[in-house]
Ligand SMILES: [Zn+2]
């Protein structure tokens, strides 16, 4: 039984769709019908929202591993994580059955539901979402156990992230806002159906499972020698085949995908990962 659900946004202060959605729900109420659980809302990093930045000192959405919560640093986000853990955790014993954390990406990932686990609850959620919203992408990040993830959503007994794009940082696009609203509403409907035991007949669905991050090629001074190839740009979740170009080098040459199998690229040219020189992430296709 899902009794308490927390919708969070503003974990990154310049990802506007979720922030606007939470403000609208706080002002007008959630527009989707539910009666079997309590729904709460929260803006996570108010200081980053005011400053219109992703974070003040460091990424809030990397502060929620148990070791980090046990040994906080003197940064704004590390201290904020302790507060949030007290409010909606504590991690491992949360009063919230489900935490939904809403994000934007500058990559063209459409409406993506990120699942930090493939336990049966998440499989049910994925199948329900794909049935109601077939254009949604399901991205599974179960390369480490749920509780080892540093994500804010893992404070909940269950936790997921909504990731919608492409939208530039600090910009609000209507199409991206509407997709965010649709996916959030679908999760409200899922909780209602889950509580009513109406989920047993759901068919397996297609999903993507994270493999690895691919970095931009650098020279010996740490400077980039290439950019995302135009044939890869905006092709999130489109199969990338061995031999297809991924980088256009500034000397005019190309670098191709040298993997042995096709992969599904995502977070292609994500602005927030540029500092770490992450060019894109790969996934393989799976059935959930
Ligand atoms: Zn984010």
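Only the coordinates and a few stated rules stand behind these numbers; no lab work does. Nothing here was measured: the structure is a model prediction, and the numbers come from that model. Every residue, glycine as well, gets a Cβ built from its backbone with ideal geometry; the counts of neighbours run over all protein chains shown.
Things to note:
- Most fluctuating residue given options 266, 103, 229, as computed from a GNM of the chain linking Cα atoms under 10 Å: 229
- Cα extents of the chain along the three principal axes, largest first (Å): 60, 48, 36
- Protection proxy ranking of 154-160, 199-205 - average other beta-carbon atoms within 10 Å, highest first: 154-160, 199-205
- Rg to Rh quotient for the range 52-141, alpha carbon positions, Kirkwood Rh: 1.02
- For the range 110-169, alpha-carbon Rg over 2.2 N^0.38 Å: 1.13
- Ratio Rg/Rh, restricted to the range 39-191 and using Cα atoms, in which Rh is the Kirkwood radius: 0.95
- FRET efficiency, 1/(1 + (r/R0)^6) with R0 35 Å, evaluated for residue 131 and residue 46 via beta carbons: 0.45
- Where N is the number of residues in the range 71-112, Cα Rg divided by 2.2 N^0.38 Å: 1.54
- Relative frequency of Cα-Cα separations exceeding 18 Å in the range 207-287, percent: 38 percent
- Per-selection Rg to Rh, the range 131-268 - Cα, Kirkwood hydrodynamic radius: 1.03
- Computed over the alpha-carbon pairs of the range 1-85, the distance histogram in 5 Å steps reads 3, 14, 22, 19, 17, 13, 8, 3, 0 percent, short to long.
- Residue-span extension gain [residue 82 to residue 251] - 0.36 nm each, minus C-alpha spacing: 56.0 nm
- Over the range 82-162, Cα pairs under 8 Å with separation of 6+ residues give a relative contact order of 50 percent.
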